Amino acid sequence: MSRIKKGNTVPNQSEGRIRFDPKVMESLVPGPISPDEANALINGFKKALFERALGAELTHHLGYGKDEPKPAGQTDQRNGSSVKTVTTDTGEVKVEVPRDREGSFEPLLIGKHERRFTGLDD
């Protein structure tokens, strides 16, 4: 939680859950929505969550951030992304998985050749 900016989310220690800032929720859900709109919103959140986490994994793997210069002597670097369709409990989500030039990046959240990510809704 130390990387989350203050005010965006607040951990609820007693229940082990995260509450989102009411202003953020109001911008996402300004009024009544249909079940299809709710599902699209949830899948959009999953996509953003997966892509952010995978990007952080690649940053950890390479040892430097996306907008930072490559360290001297570093041979591996970011090399775009590829689209992967991941099946979740609420449907399919197209996720942009970042790549590295040497092909040594092995994502943990959604591993190579994995196409299913279930249990997130539990």
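Name the one entry in V83, V95 that is at pLDDT 95 or above and touching a helix residue (DSSP H, G or I) at 6+ places or on another chain (Cβ under 6 Å).
Only one candidate qualifies: V95.
Just to be sure before I move on: is K112 closer than 24 Å to G44 by Cα, free of Cβ contacts under 8 Å to residues at least 60 places away in the same chain and of a type outside the set (A, V, I, L, M, F, W, C) in the structure I sent?
The answer is yes for K112.
Suppose we keep only residues that are over 21 Å from T90 (Cα atoms) and of a type outside the set (K, R) within region 21-40. Which one would you say is surrounded by the fewest Cβ atoms within 10 Å (Cβ to Cβ)?
Ranking the qualifying residues of region 21-40, first place goes to G31.
For a quick check of your reading of the model, give me the residue pairs whose first member lies in region 31-53 and is over 22 Å from S81 (Cβ atoms), whose second is of a type in the set (S, T, N, Q), with beta-carbon atoms closer than 7 Å and at least 6 apart or on different chains.
Short answer, once both residue conditions are applied: N39/T90; I42/T90.
Quickly run through region 98-122 and pick out the residues that are in a strand (DSSP E or B) and either among the polar types (S, T, N, Q) or at pLDDT below 95 (or both).
If the condition is that a residue be in a strand (DSSP E or B) and either among the polar types (S, T, N, Q) or at pLDDT below 95 (or both), then R116 is the only one that fits.
Does G91 satisfy the condition of being on the phi > 0 side of the Ramachandran plot and surrounded by 11 or more Cβ atoms within 10 Å (Cβ to Cβ)?
Yes.
Tell me, please, whether a residue that is acidic (D, E) and assigned to a loop (DSSP other than H, G, I, E, B) can be found in region 72-86.
yes
The values are calculated or read from the model by the stated rules, or taken from the named source; none is laboratory data. Keep in mind it's a predicted model, so treat the numbers as computed, not measured. Glycine also receives a Cβ, built like all others from the backbone with ideal geometry; neighbour counts cover every protein chain displayed.
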